[in-house]
């Protein structure tokens, strides 16, 4: 139990009576930083604001602009599973996220901070009212301020300020008084430049992923899917027809009696793919190439000698926090190998959920521990791993994976159905081109994370070293 004596004037000045505020590490950090050369966040920013609640009319990608939550913004590919708000009826200029902004969660995910890259502004992506925007007076220190707010010091200040019981929250007025250390100009610029370079690498990576997907569609002569092409659990659309169909009892097999698995819409998609050269997923994998990590003891430790566990809640984020577990308790489990294709194997069917989303195991994930919730795939010589990822990560691949689900609250793909989904096969040089683009994109994401971590590490070490 933590306890301490607090003077009345400290309670009076902070207008806070809860012990978590006065006993947090933020108090110690605040005392330390105020002995350094510093300024308050409110003085460094030209504006700290939320966009406020706006009219939301969700629609398809074709007719809308991206409408992002704070968790969407923090992902490697922020537009992969976000909502789209009507261009005609739901657009709000004040909500658009601009390049160089620093954003953080107002409710729930306190301290989850992101740096806005150019692709957000180019796509006219709007942020929800639960996102606090921070615009620095000098754009040339925006990366530096972001690195501090994303560091252990910044996160501690956000958590220290959080108020509320069931749903913690912070406000724009609360964070104006966060003290930001002002390191020497050269160090500030070094840190800022690392963040800018990381942002550019992420933009380039997402462009490569988009180009690879478009190239795949062009070769296969596939059209973009619309809401009418599959069953989904998404936002209500007024003119959406109820999906009903009848099937012969001969079509029902021992794998499932779930109507979702017999979708006529998905069968139509499957027939389109099978009209071309294809393999079933199981035929693209090594003999033991379809597996999960399995179960293991999860004993959290503070030691640097532990091993980080990544689960579905953070593996898709640009900065992966994870949990630090005891290596001895984990035992001898299969760590991730470069080139594996991972499928989020447990979750719910909301359109914004990561369930059945796919990720490529790049240099960052290599030799990492992932939870048993993931379905892990290792390819044979029939298709390159980057190509298989590109197909499964496409809208066609995602809908085919989702169509194999079973369950109510927490769903899982039925393995026998998943192994049978079709994978189109192209000429070797065409698949290799896609494979290279995917691997280059994911290497860029790894380099971006490395640069961002380097920037955060620099600022933390400078503050740590201050006596």
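Each value in this text was obtained by applying a stated rule to the coordinates, not by laboratory testing. A quick note: this is a predicted structure, and the numbers were derived from the prediction, not measured. Glycine also receives a Cβ, built like all others from the backbone with ideal geometry; neighbour counts cover every protein chain displayed.
Treat the count of other C-beta atoms within 10 Å as a stand-in for reagent exposure and order 402, 56 from fewest to most. Don't jump to the answer; show the numbers that get you there.
Values: 402 22, 56 16.
Fewest-to-most ranking of 402, 56: 56, 402.
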Problem - Structure-based [θ]222 nm, the chain - -39500 (n - 2.57) summed over DSSP H runs of at least 4, per residue, nearest 500 - result: -10500 deg cm²/dmol
Exercise for the section: Could you work out, for the stretch 8-182, what percent of all Cα-Cα pairs fall into each 5 Å distance bin, beginning at 0 Å and stopping at the bin that holds the largest distance? Expected result: 1, 8, 16, 20, 18, 14, 10, 6, 3, 2, 0, 0
Problem - FRET efficiency for residue 118 and residue 31, using Cβ-Cβ distance with R0 set to 25 Å, rounded to 0.05 - result: 0.05
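Given 0.36 nm per residue, what is the gain on full extension from residue 256 to residue 457 after removing their alpha carbon distance, in nm?
Details: separation 201, 0.36 × 201 = 72.36 nm, distance 5.07 nm.
Using 0.36 nm per residue and subtracting the Cα-Cα distance, I get 67.3 nm.
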Practice task
Sort the following peptides by mean Cβ neighbour count (other Cβ atoms within 10 Å, averaged over residues), highest first: 443-452, 428-437.
Solution key: 443-452, 428-437
Exercise for the section: Tell me the label-point distance for the pair residue 171, residue 427, using the 7 Å Cα-to-Cβ offset, in nm and rounded to one decimal. Expected result: 6.4
Handout entry: Acute angle (nearest 10 degrees) that the helix 185-220 long axis makes with the longest principal axis of the chain, alpha-carbon atoms
Key = 10
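Once you keep just the Cα pairs under 8 angstrom separated by 6 or more residues, what percentage relative contact order results for the chain? Before the final figure, lay out each step's value.
On the way: 795 pairs, mean separation 79.8, N = 467.
Here the relative contact order equals 17 percent.
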Fill in the blank from the handout: Each label sits 7 Å from Cα toward the beta-carbon; between residue 380 and residue 351 the label points are separated, in nm, by 3.8
Problem - Equivalent ellipsoid, the stretch 206-447 (semi-axes from 5 times Cα gyration tensor eigenvalues, Å) - result: 30, 22, 17
Practice task
For the stretch 339-441, build the convex hull from the C-alpha positions and give me its volume per residue in Å³.
Solution key: 106
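Jot down the per residue volume, in cubic angstrom and as a whole number, of the convex hull over the alpha-carbon atoms of the stretch 44-113.
About 109 Å³ per residue, rounded to a whole number.
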Problem - On Cα atoms only, tilt of 264-274 relative to the major axis of the chain in degrees - result: 80
Practice task
Any chance you could run the full-extension gain for residue 409 through residue 61? It's 0.36 nm times the residue separation minus the Cα-Cα distance, nm to one decimal.
Solution key: 122.6 nm
Handout entry: Alpha carbon convex hull of the stretch 225-318, volume per residue in cubic angstrom
Key = 251
Exercise for the section: Whole Å is fine, so just give me how far the alpha carbon centre of the stretch 24-79 lies from that of the stretch 433-467. Expected result: 20
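Given a cut-off of under 8 Å on Cα pairs at least six residues apart, what relative contact order in percent is computed for the stretch 8-182?
Working: 310 pairs, mean separation 54.5, N = 175.
This gives 31 percent for the stretch 8-182.
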Exercise for the section: Kindly list the residues of the stretch 442-467 that lie in the label zone of residue 302, defined by a backbone N under 18 Å from the point 7 Å along the Cα-to-C-beta vector. Expected result: 464
Completion exercise
Listed with the fewest Cβ neighbours within 10 Å leading, 371, 303 appear as 303, 371
Completion exercise
Tilt, helix 428-464 to longest principal axis of the chain (alpha-carbon atoms), in degrees rounded to tens, equals 20
Exercise for the section: Report Rg(Cα)/(2.2 N^0.38 Å) for the stretch 169-257, keeping two decimals. Expected result: 2.11
Handout entry: P(r) tail fraction, the stretch 279-342 - alpha-carbon pairs more than 18 Å apart, %
Key = 49
Exercise for the section: Give the value in nm², to one decimal: projected area of the alpha carbon convex hull of the chain, averaged over all directions. Expected result: 25.0
Handout entry: Virtual spin-label span in nm between residue 129 and residue 368, 7 Å along Cα→Cβ
Key = 3.5
Problem - Euclidean distance between Cα centres, the stretch 404-423 to the stretch 281-308, Å - result: 20
Practice task
Go through 183-196, 270-283, 105-118 and give me the packing order, highest mean Cβ count within 10 Å leading.
Solution key: 105-118, 183-196, 270-283
